[in-house]
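Worksheet: the structure to be examined is printed underneath.
The values are calculated or read from the model by the stated rules, or taken from the named source; none is laboratory data. All of these numbers come straight from a predicted model, not from anything done at the bench. With ideal geometry, Cβ positions are generated from the backbone for all residues, glycine too; neighbour counts draw on all protein chains shown.
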Amino acid sequence: MGYRIDPAEPTDLELRRVLREQLAKAAEVLRVPGGPDAEAVHGARKRLKKARSLVRLARADLGPAVARHANAELRRVGADLATQRDADALVEAVDRLLAVAAGGPPVGAPRGATPSPAAGSSARAGAGSPAGAAPGDVHAPADAPGDADAPDTVAALAAVRDRLAVRAERVRAGGAIDRATLLGAARVLDQLVAWIDLVPPKAEGWAAIGPGLAHQHRRARTALAALPDEPSALELHEWRKRVKDLWYHQRLLRRLWPEAQRPLVEAADELAAALGDDHDLALLLELLATPDGADRPAPDAPAPDAPAPDGPASDGIDAPGGRVALVTEAAGGGPAETTETVELDEADRALVVAAAEAERARLQARARHLGARLLADRAGPWADRHGAWWAAAVGEARQARAADGAGGAPTPAEPGAGRGGPDPSGDGANA
């Protein structure tokens, strides 16, 4: 039936069905003979994210302890599968900058926006924009690269892109995720499904999902309100995760009133995409940080004499002779056996950094513009509106079943008749 909840069916069965489908399909991909390719692994990770968002929505049904444990297990499995996608994401980030520098429309720009090379706007509402400009309007900041720099910017970006593509291909060819990790992840997903199937529901009907919907909306709204004028990459990434929950929840509940929810789904998708692109550019800027840390220190970087951290392939920075070099390390922190290096002089580095910063400013302004509208409601009214839509959908399902009663269709249980006792939403225990 796909990634959606049918309000006409018992809620606990629907929640477990959707979770079972997502995790079973992810496990199937991980068990492919010979191992899945990078795209297949990326698809499996997306299913894990869908499952985690469903667990958050179903917190009242599963109970806090079960929800926390399931979320932690899914997060751990997803992290084990992230190596290849992280390498590809940097290549895609530079591709987007190349499209902008070449005069194409910025990725994620509102329809009808005029394309311009390295167009950008201030990350904070109204700052760096003409008086009276609305948040989300696209303007070039004072320090953005101009048209005259476009050919040089394209050349510098192309050099960085080639280097990152070589790195991504080496990660892919080297089998960054070993077979034991893939099979172990699949086994964890199987065990998680079997375990949750045994968990009795603690709530039913709208009472099973309404609290989770309100809680996650509140978290997204709070994250937006807490953003400073110049937010960190981590703050924006945390907001993005809450926006993704909102997007997934609208998709899960889209049978309530599809015509009204379609614009919400589209706006949440665009907002999450803008914040995701911004995050990729933030990682690129970390990679281009100067070695002495004077320009842009990478967050959480180890001390100069600290041992290299264990983990998947990572990138360091070196600058012999005043030039910036992107140096790749092998898994485990040691130098790679063959290290491909692309050197950028300071002028090229400055062009790439300026292009990335300008695009980040535009993306953040667009995100604030969308977020202010998508998250205008407080959590209570937001959940109440969806609860009313749920009740209407349940009522319509009852009427349809009553009309088909001659065919022996079962009648949904009355409020309080289900395993969870009285349904405080008043919409029927199992409807």
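Which condition number does T181 fail, the rest of (1) free of Cβ contacts under 8 Å to residues at least 24 places away in the same chain; (2) assigned to a helix (DSSP H, G or I) being met?
So T181 meets the others, but not (1).
Give A325, A391 a once-over and let me know the one that is outside any loop (DSSP other than H, G, I, E, B) and at pLDDT 95 or above. First the steps, then the outcome.
Working: A325 fails: at pLDDT 95 or above.
Within the list A325, A391, the selection yields A391.
Tell me the residue from A27, A72 that is among the small types (G, A, S), surrounded by fewer than 22 Cβ atoms within 10 Å (Cβ to Cβ), in a helix (DSSP H, G or I) and at pLDDT 95 or above, please. Break it down into steps so the answer makes sense when it comes.
Details: A27 fails: surrounded by fewer than 22 Cβ atoms within 10 Å (Cβ to Cβ).
It is A72.
Could you please find all residues in the stretch 188-228 being acidic (D, E) and buried (at least 18 other Cβ atoms within 10 Å of the Cβ)?
Narrowing the stretch 188-228 to residues acidic (D, E): 190, 197, 204.
Within the stretch 188-228, E204 is the sole residue that qualifies.
Any idea which residue in the stretch 167-182 is nearest to R47 (Cα to Cα), counting only those that are modelled with pLDDT of 85 or more and surrounded by 14 or more Cβ atoms within 10 Å (Cβ to Cβ)?
Only one residue fits best here, namely L182.
Go through A51, A40 for me and flag whichever is in a helix (DSSP H, G or I), more than 22 Å from L164 (Cβ to Cβ) and not hydroxyl-bearing (S, T, Y).
Working: A40 fails: more than 22 Å from L164 (Cβ to Cβ).
Within the list A51, A40, the selection yields A51.
Looking only at residues that are basic (K, R) and modelled with pLDDT of 95 or more in the stretch 346-370, which one is farthest from R161 (Cα to Cα)?
Here the answer is R368.
Select from the stretch 335-345 the residues that are modelled with pLDDT of 60 or more and either within 31 Å of the chain's Cα centre (by Cα) or surrounded by 14 or more Cβ atoms within 10 Å (Cβ to Cβ) (or both) and list them in ascending order. Don't jump to the end; show me each part of the working.
Restricting attention to the stretch 335-345, the residues satisfying the condition of being modelled with pLDDT of 60 or more are 344-345.
The answer is L344, and nothing else.
For the stretch 371-388, which positions are surrounded by 18 or more Cβ atoms within 10 Å (Cβ to Cβ) and within 16 Å of Q261 (Cβ to Cβ)? Walk me through how you get there before you give the answer.
Kept after step one, since they are surrounded by 18 or more Cβ atoms within 10 Å (Cβ to Cβ), are these residues of the stretch 371-388: 371, 374-375, 379, 382-383, 386-387.
Across the stretch 371-388, the qualifying residues are L374, L375, W382, A383, H386, G387.
Please specify each residue of the stretch 208-228 satisfying the condition of being part of a loop (DSSP other than H, G, I, E, B) and under 21 Å from L281 (Cβ atoms). Steps first, answer last, please.
Narrowing the stretch 208-228 to residues part of a loop (DSSP other than H, G, I, E, B): 226-228.
Of everything in the stretch 208-228, those that are part of a loop (DSSP other than H, G, I, E, B) and under 21 Å from L281 (Cβ atoms) turn out to be L227, P228.
State the number of residues belonging to the stretch 229-260 that are in a helix (DSSP H, G or I), touching a residue at least 12 places away in the same chain (Cβ under 8 Å) and either crowded, with 17+ Cβ neighbours inside 10 Å or under 14 Å from the mean Cα position of the chain (by Cα) (or both).
19
List, please: which pairs have Cβ atoms under 6 Å, are six or more places apart or on different chains, and start with a residue in the stretch 71-96 that is under 22 Å from A156 (Cα atoms) and end with one that is in a helix (DSSP H, G or I) and of a type in the set (G, A, S)?
A87/A168; D88/A168; V91/A165; V91/A168
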